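Throughout, read-outs are computed from the coordinates displayed, never taken from laboratory work. Just so it is clear, the model here is predicted, and its values are computed rather than measured. FYI the Cβ positions are ideal-geometry reconstructions off the backbone, even for glycines, and counts take in every protein chain you see.
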Amino acid sequence: MKTTLLETLWRADRVLAGAVALVALAAGGIAGATIVYDPHTEKPAIVEAAAAAVPAPVPSSVDALIAADPALVELVAEHKCLSEALYFEARGEGAKGQVAVAQVIFQRLRNKHYPNSICGVVYQGQHSKDGCQFSFACGKKKAVVRDEKQWNNAQMLAARILTTGVRMDDLTSRATHFHAISVSPEWADHLVKTIQIGNHIFYRDPPLSRKS
């Protein structure tokens, strides 16, 4: 059975620590360092942040809390990847539209045909000739955050999702794909349309045909 990061993290001794770390990150960032995802290794790492990129500092105790636990380091990396997906894919769609995108990511986490981490799902195909699953990850130019308010909102929503502060009702009927209404990808013809939320249309895999 496929095991996801979230299934391994949420033991009682880490729920509070994870919530504190993510809310602190979303509210003010990690002082002195940032957690990044390396798609070549699918492993998060702590790297020194450029001085201009370091947001308002948070208490050093939070830094120490995260650095002392590899699982929390990974959780912060997953938070960053989820925040990026919410921001770049659905920042204009409101909380409901962003939660729907998050549900697609989590639905893929449950599927053995996709990576077993949020970062793995979001950046799948980034260095493949087949292209990315999420368009922002494969743009000719690196995606850049230009709306600080929307970015902060995405980070906070991602933190609430990961700390179970947001109910993840099945808005999309188990969708594993979505696209903007402005495009008509070929793959959509092979999937089952489930719902349109805002400017996105969601799909799930067709049911498996039964052998006679």
query: Sorted by average packing, counted as other Cβ atoms within 10 angstrom per residue and highest first, what order do 181-193, 76-88 take?
result: 76-88, 181-193
- request: Excluding ALA180 itself, calculate the net charge of residues whose Cβ lies under 12 Å from the Cβ of ALA180, where each Lys or Arg counts +1 and each Asp or Glu counts -1.
  value: -2
- line: Taking Lys and Arg as +1 and Asp and Glu as -1, residues besides GLN107 with C-beta under 11 Å from its C-beta add up to +2
- prompt: Which entries in the list LYS96/LYS141; LYS96/LYS142; LYS96/LYS149; LYS142/LYS193; LYS149/LYS193 go over 21 Å, if you measure between the two C-alpha atoms of each?
  reply: LYS96/LYS141; LYS96/LYS142; LYS142/LYS193; LYS149/LYS193
- line: For THR194, other-chain or 5+-apart residues with amide H closer than 5 Å (H placed, Pro excluded) are PHE202, TYR203, ARG204
task: Just check region 103-204 against the gyration tensor rule for me: Cα atoms, a ≥ b ≥ c as the square roots of the eigenvalues, rounded for a/c under 1.5, and otherwise prolate or oblate depending on whether a/b exceeds b/c.
output: rounded
